[in-house]
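Every number in this text was worked out from the coordinates using simple rules, so none of it is lab data. Because the structure is a prediction, the values reported are computed rather than measured. Heads up, the Cβs are rebuilt from the backbone with ideal geometry, glycines too, and the neighbour counts pull from every protein chain shown.
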Number of protein chains: 2
Amino acid sequence: MKYGIVAFPSKEIQDFANSYRKRYDTHYAKITPHITLKGETEIQSSEIEEISASIKKVCEHFNPLTISISKISSFAPVNNAIYLKVEPTEQLMHLHEALENDVAGGEAKYKFVPHITIAQDMSAGEHDDVFGQLRMTKVDFNETINRIHLLYQLEDGSWTVFETYRLRGEE
Amino acid sequence: MKYGIVAFPSKEIQDFANSYRKRYDTHYAKITPHITLKGETEIQSSEIEEISASIKKVCEHFNPLTISISKISSFAPVNNAIYLKVEPTEQLMHLHEALENDVAGGEAKYKFVPHITIAQDMSAGEHDDVFGQLRMTKVDFNETINRIHLLYQLEDGSWTVFETYRLRGEE
């Protein structure tokens, strides 16, 4: 079973992201718009309660997340994915590190770049075309996210929420 | 904003339901397989924290749900929807009533028939054909669900989890 840890932004940001995702994101139907805090990690189904307990413990130390989004970026040429860039605050970086270090699972595959994907799995040509249109789009979202979620993946690739954790700590 | 309250069954049941839903359920991509405990209800976005608090209070009184599924049924002719019939235990009926009575929102539109939809929005002909094939399928699932979820709907019709509630009460 694969699990992952995400934060869902507000309905306003999710609706904005979906306006692009429905056209450009192959994962559109598998999960609603999200910030990945810990990427997909393979575990035994029986381990999920233990993982949930570790996440709960980590969340006790963290305050609600202050999120700021001001541009659309791309991971090209590494990956033809376009995303809403989430300001990499110290708080977000610390939360990511704590989840990596204190919750079971492999090492992160990539350096942590907080983001909300809006387009992926495009050809290089399509990517350049779409990003050419989107890169100048004005975006300006600022909000507070006070909970994160543990998800697991079904056989068809979609994700189900297992548990929600409130952030009510002090960091 | 529309909210709803659901219980997600285990990955095993969700994968089984999705094997049908991907072909027959128009809501397949909008939400993973679920038992609706309180159907979609219109509220102001600002009310969601209050609603969340009411659900939390209700859940304090309930034990994990004992779920038993032993047949595939249909709502026809009222509605051309096919579903996994969830045994309507007293516990489930009481939880539904408590959520109806103690959590803000309109009256339930239908009598509560606990189920997991696997096919919907079919023509009468397609329904009869598919149900003819599925009605004799042997299903036998028994499990415990120890959490329920508050969801809200995005503009594209998909559902995001707002909060999870553990059932750890005594009913």
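Among the candidates B:Thr144, B:Thr164, single out the residue that is without any contact (Cβ under 8 Å) to a residue 40 or more places away in the chain and in a strand (DSSP E or B). Outline the logic, then answer.
Details: B:Thr144 fails: without any contact (Cβ under 8 Å) to a residue 40 or more places away in the chain.
Within the list B:Thr144, B:Thr164, the selection yields B:Thr164.
Conditions: (1) of a type in the set (A, V, I, L, M, F, W, C); (2) part of a helix (DSSP H, G or I); (3) closer than 29 Å to B:Ser123 by Cβ; (4) out of contact with any strand residue (DSSP E or B) (no Cβ under 8 Å at 6 or more places or on another chain). B:Ala29 meets all but one. Number of the miss?
So B:Ala29 meets the others, but not (2).
How about the range A:100-136: which of its residues are over 24 Å from A:Thr41 (Cβ atoms), in a helix (DSSP H, G or I) and either touching a helix residue (DSSP H, G or I) at 6+ places or on another chain (Cβ under 7 Å) or not charged (D, E, K, R) (or both)?
A:Ala124, A:Gly125, A:His127, A:Val130, A:Phe131, A:Gly132, A:Gln133, A:Leu134
Could you figure out which of (1) within 15 Å of the chain's Cα centre (by Cα); (2) at positive phi isn't true of A:Leu65?
Here A:Leu65 meets the rest and fails (2).
Among A:Ser70, A:Ser52, which is the only one that is out of contact with any Gly (no Cβ under 9 Å at 6 or more places or on another chain), under 27 Å from B:Ile145 (Cα atoms) and small (Gly, Ala, Ser)? Let's see the steps before the verdict.
Working: A:Ser70 fails: under 27 Å from B:Ile145 (Cα atoms).
So the residue among A:Ser70, A:Ser52 that is out of contact with any Gly (no Cβ under 9 Å at 6 or more places or on another chain), under 27 Å from B:Ile145 (Cα atoms) and small (Gly, Ala, Ser) is A:Ser52.
Filter the range B:16-29 down to residues that are surrounded by fewer than 20 Cβ atoms within 10 Å (Cβ to Cβ) and at the interface with chain A (Cβ under 8 Å from one of its Cβ atoms) and give me whichever is nearest to B:Gly157 (Cα to Cα).
Step by step, filter the range B:16-29, then rank; the result is B:Ala29.
Considering only residues that are surrounded by fewer than 20 Cβ atoms within 10 Å (Cβ to Cβ), over 15 Å from A:Lys2 (Cβ atoms) and either out of contact with any Pro (no Cβ under 9 Å at 6 or more places or on another chain) or more than 8 Å from chain B (Cβ to nearest Cβ) (or both), which ones fall in the range A:146-163?
Scanning the range A:146-163 gives a single hit, A:Asn146.
Restricted to the range A:113-145, and to residues that are over 11 Å from A:Ile82 (Cβ atoms) and within 14 Å of chain B (Cβ to nearest Cβ), which residue is surrounded by the fewest Cβ atoms within 10 Å (Cβ to Cβ)?
Within the range A:113-145, the match that is surrounded by the fewest Cβ atoms within 10 Å (Cβ to Cβ) is A:Thr144.
Quickly run through the range B:38-92 and pick out the residues that are assigned to a strand (DSSP E or B), buried (at least 16 other Cβ atoms within 10 Å of the Cβ) and among the β-branched types (Val, Ile, Thr).
B:Thr41, B:Ile67, B:Ile69, B:Ile72, B:Ile82, B:Val86
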